[in-house]
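Notes follow once the structure below has been shown.
The values are calculated or read from the model by the stated rules, or taken from the named source; none is laboratory data. None of the values given here were measured: they were computed from a predicted structure. Counting neighbours? That spans all protein chains shown, and the Cβs are built from the backbone with ideal geometry, glycine included.
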Amino acid sequence: VLEITTAEEAGFCFGVKRAIDMAMEAVQDESDIKVYTLGPIIHNPQVVEKLEELGIRSVEDLSEIDSGVIIIRSHGVEPKTIEQAENKGLTILDATCPYVKKAQKNAQLLMEEGYQTLIYGDQDHPEVKGILGATDYKALIVEDKNDLDEIDLQSKVGIVAQTTKSPASFKELIGLLLNRVKELKIYNTICNTTQVRQSGAENLADDVEIMFVIGGFNSANTNRLAEICSNTGTPTYHIETAEDIEWSWLENINKIGITAGASTPDWLIKEVIQAMSEEKKDLEIEEKEQEEIEE
Ligand code: F3S
């Protein structure tokens with residue numbers, strides 16, 4: 001029996017699903033009005049293409065448009081971007097993930113309460129830029145624990161993290177800060193979806209003969225999942241669609257594991273499983289969710 005198992009939390013996270021649903025609803029409701037996203041709504045070329053077919057176009061900058069609906073994607077934007085959109089008279093559909101909104105609010109609060117505010121995250125990531133904007137660009141970004149040496153730490157320090165940071169590295173950073181400051185206020189803004197997805201992928205990779213990670217080649221979180229699975233020693237293939245599969249990979253394989261990045265829609269995961277089932281139709285296929293194995 002060929003067994004295909006899907007890992008826990010494979011595919012869209014809550015925030016991305018919500019943003020895509022909002023975009024879909026917008027084209028349905030606003031059929032005569034142009035609908036745009038500010039930057040690609042997610043890092044998945046197949047989804048972006050599908051949205052384009054529905055009439056949702058991605059723009060890099062607000063200067064490219066002067067009317068219509070603009071969708072703010074799940075990792076949020078700087079408040080000044082919202083202001084610019086308002087000033088242009090655009091209709092704003094804010095699909096910022098509520099967890100990202102929380103991180104923005106927490107950083108703003110720290111600043112208002114007089115804490116020297118630190119944001120643990122990647123300075124080029126749009127989510128971090130949005131959080132920084134929420135503090136009126138006064139917070140300091142810490143990309144790495146070594147950055148602490150460059151900062152003149154004050155006695156009252158507050159910190160938030162980019163939602164996708166690893167809890168272990170955040171804890172390490174907090175430990176270092178504790179040694180150096182008198183008062184430390186921490187908002188744990190890490191979203192655990194990423195952790196659950198990564199540990200689910202790792203556990204499953206340990207349990208199968210071959211692992212497929214589905215998601216955009218340009219998606220950082222999908223690449224990270226592929227790296228985690230591959231580190232278990234199980235042969236791992238990062239694919240975008242079923243077309244990327246070489247069927248020789250499945251020869252003499254009975255247990256296949258599948259996971260997918262946060263920007264991979266369910267329909268792409270199903271397509272891959274379907275293609276495997278068709279290829280191996282002479283074999284009996286059993287699809288399961290990872291939890292069932294563990295029970
Ligand atoms: Fe939101 Fe967490 Fe996804 S912060 S966008 S649910 S990874």
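If a residue has to be surrounded by 12 or more Cβ atoms within 10 Å (Cβ to Cβ) and either closer than 30 Å to residue 72 by Cα or touching an Asp or Glu at 6+ places or on another chain (Cβ under 9 Å) (or both) to count, how many in the range 139-156 make the cut?
So the answer is 7.
Cβ-Cβ distance below 7 Å, separation of 6 or more or different chains: which pairs start in the range 67-86 with a residue that is under 14 Å from residue 26 (Cβ atoms) and end on one that is of a type in the set (Asp, Glu) and surrounded by fewer than 18 Cβ atoms within 10 Å (Cβ to Cβ)?
As it stands, the answer is 69/30; 72/94, since those pairs meet every condition given.
One residue is enough: does the range 75-94 have a residue meeting the conditions within 30 Å of residue 204 (Cβ to Cβ) and within 16 Å of the ligand (Cβ to nearest atom)? I'd like the intermediate steps shown before the answer.
We begin by selecting, within the range 75-94, every residue within 30 Å of residue 204 (Cβ to Cβ); these are 75.
Right, trim to within 16 Å of the ligand (Cβ to nearest atom) and you get 75.
Yes, there is a match, as at least one residue in the range 75-94 is within 30 Å of residue 204 (Cβ to Cβ) and within 16 Å of the ligand (Cβ to nearest atom).
Got at least one residue in the range 37-51 being modelled with pLDDT of 90 or more, away from the ligand (no atom under 16 Å from the Cβ) and more than 25 Å from residue 191 (Cβ to Cβ)?
no
Name the single residue that is surrounded by the most Cβ atoms within 10 Å (Cβ to Cβ) among those in the range 49-92 being within 23 Å of residue 267 (Cα to Cα) and of a type in the set (D, E, K, R).
Filtering first and then ranking leaves 73.
Evaluate the following for residue 7: is it surrounded by 21 or more Cβ atoms within 10 Å (Cβ to Cβ), in contact with a helix residue (DSSP H, G or I) (Cβ under 7 Å, 6 or more places away or on another chain) and over 30 Å from residue 205 (Cα atoms)? Full working, then the answer.
Details: surrounded by 21 or more Cβ atoms within 10 Å (Cβ to Cβ): yes; in contact with a helix residue (DSSP H, G or I) (Cβ under 7 Å, 6 or more places away or on another chain): yes; over 30 Å from residue 205 (Cα atoms): no.
Here the answer is no, as residue 7 does not meet what is asked.
Hey, can you tell me all the residues within the range 100-134 that are in a loop (DSSP other than H, G, I, E, B) and surrounded by fewer than 22 Cβ atoms within 10 Å (Cβ to Cβ)? Steps first, answer last, please.
So in the range 100-134, the residues in a loop (DSSP other than H, G, I, E, B) come out as 113-115, 121-125.
Selection gives 113, 114, 115, 122, 123, 124, 125.
Results for (1) within 16 Å of the ligand (Cβ to nearest atom); (2) of a type in the set (Lys, Arg), shown as yes or no for each residue.
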position: 134; (1), (2): yes, no
position: 150; (1), (2): no, no
position: 180; (1), (2): no, yes
position: 193; (1), (2): yes, no
position: 198; (1), (2): yes, no
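If a residue has to be outside any strand (DSSP E or B) and of a type in the set (A, V, I, L, M, F, W, C) to count, how many in the range 144-166 make the cut?
Step one: filter the range 144-166 for residues outside any strand (DSSP E or B), giving 144-155, 162-166.
Cutting the leftovers down to of a type in the set (A, V, I, L, M, F, W, C) gives us 148, 151, 153.
Number satisfying all stated conditions: 3.
Would you be able to tell me the number of residues in the range 15-36 that are within 15 Å of the ligand (Cβ to nearest atom), touching a residue at least 24 places away in the same chain (Cβ under 8 Å) and surrounded by fewer than 15 Cβ atoms within 10 Å (Cβ to Cβ)? Walk me through it before giving the result.
The initial filter retains those residues of the range 15-36 that are within 15 Å of the ligand (Cβ to nearest atom), namely 15-23.
Those left that are additionally touching a residue at least 24 places away in the same chain (Cβ under 8 Å): 15-16, 18-20, 22-23.
In the following step, the residues that additionally are surrounded by fewer than 15 Cβ atoms within 10 Å (Cβ to Cβ) were identified as none.
Count: 0.
Filter the range 51-69 for residues that are of a type in the set (Val, Ile, Thr) and farther than 11 Å from residue 41 by Cα and give the result. Outline the logic, then answer.
To start, the set of residues in the range 51-69 that are of a type in the set (Val, Ile, Thr) comprises 56, 59, 65, 69.
65, 69 - these are the residues of the range 51-69 that are of a type in the set (Val, Ile, Thr) and farther than 11 Å from residue 41 by Cα.
Just the residues that are within 15 Å of the ligand (Cβ to nearest atom) and without any contact (Cβ under 8 Å) to a residue 60 or more places away in the chain, please, taken from the range 108-132. Show your work before the answer.
Looking only at the range 108-132, we keep the residues that are within 15 Å of the ligand (Cβ to nearest atom), and these are 119-122, 125-128, 130-131.
Correct list: 119, 120, 121, 122, 125, 127, 128, 130, 131.
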